[in-house]
Amino acid sequence: MQFENLIVEKKEGVAIIRLNRPKAFNAVNLALSNDLIGALYACADDDATRAVIITGEGRGFCAGGDLAAFKDSLDDNPAAPIREVITAFNIAIQGVRSMPKPVIAAINGAAGGAGLSLAAACDLRICAAGAKFIQAYTGVALVPDGGWTLLVPLLIGFGRASELIFLNEPFDAAKALAWGLVHRVVEDGELGAAALEMAQSLAQGPTRAFAIAKENLNRAMQGLLASQLDQERAGICQAASTADYKEGVRAFFEKRPPSFTGK
């Protein structure tokens, strides 16, 4: 499988999907979202693929949405490019959840915004000791998307999810483990091997039973996820139409604290 924004390789029943926009810390744009959809569908249809790893190329896992892709529309129709990207990214999130095989997020570096949503959608999460996490959206006056407001609270609890949204403080791998966001933390240089070992163990397991169990888990929340994705998409487009969002993006690129007015 060849993709412009992904590296996909196969190892003994395991497909490794590597987000490949390292200069942008693998930030999500429309092209990456569409590539991810294609890769996930291909893995789902491939009988030889029995487990999947999603990780990042370079120093980041996924920094979130690519603000550079949205910047040029600030004065025209700021919600339009966000709506386009989110529509595709949501399909990718549903592709992770509907994958009839275990999906592991191997979080190799910074995970923020949509990157946190993508990790939360996976079945298992293992991270490098040096990985850093942040909610990120509200830092530029946006709101979480990609299933964040359903999946993250299910993992870490409603109160902690609220803390991330309102305080937007970064946190490290140790806190991610303590909160239950990740299942395991390994040394930075050991992440690839540890994730592959876990995936190959799963690939040698009763994958049909895994698929049925995952379907049963999904049934408890699938309707909620579809509804929440629609709600989040509407919410982030509404937030993208505010003066605070424009200020947040400009402040980000000007490397200064934003001055929000609540408008």
Do we have Asn108 as touching a Lys or Arg at 6+ places or on another chain (Cβ under 9 Å) and within 21 Å of Phe3 (Cβ to Cβ) here? yes
Can you tell me which of Gly58, Gly65 is in contact with a strand residue (DSSP E or B) (Cβ under 6 Å, 6 or more places away or on another chain) and not aliphatic (A, V, I, L, M)? Gly65
Yes/no for Leu142 being touching a helix residue (DSSP H, G or I) at 6+ places or on another chain (Cβ under 7 Å), touching a residue at least 60 places away in the same chain (Cβ under 8 Å), of a type in the set (A, V, I, L, M) and farther than 22 Å from Ala15 by Cα: yes
Working carefully through the options Phe260, Phe210, find the one that is among the aromatic types (Phe, Trp, Tyr) and either in a helix (DSSP H, G or I) or under 29 Å from Asn108 (Cα atoms) (or both). Phe210
Conditions (1) farther than 25 Å from Gly56 by Cα; (2) free of Cβ contacts under 8 Å to residues at least 40 places away in the same chain; (3) of a type in the set (A, V, I, L, M, F, W, C) -> Ala193 fails only (1)
Mind listing whichever residues of the range 122-151 are crowded, with 24+ Cβ neighbours inside 10 Å and either aromatic (Phe, Trp, Tyr) or part of a helix (DSSP H, G or I) (or both)? Phe133, Tyr137, Val140, Trp148, Leu151
State yes or no: is Asn26 on the phi > 0 side of the Ramachandran plot, in contact (Cβ under 8 Å) with a residue 40 or more places away in the chain and open to solvent by less than 10 Å² (accessible area, probe 1.4 Å)? yes
Kindly provide the set of residues from the range 59-82 that are assigned to a loop (DSSP other than H, G, I, E, B) and within 19 Å of Arg125 (Cβ to Cβ), ordered by number. Arg59, Ala63, Gly64
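The values are calculated or read from the model by the stated rules, or taken from the named source; none is laboratory data. Fair warning: this is a prediction, and the values are worked out from it, not measured in the lab. Because the Cβ atoms are built from the backbone with ideal geometry, glycine has one as well, and the counts that use them run over all protein chains shown. Just so you know, the surface numbers come from the protein's heavy atoms only, side chains and all, with ligands and any DNA or RNA stripped out. Shrake-Rupley method; radii C 1.70, N 1.55, O 1.52, S 1.80 Å.
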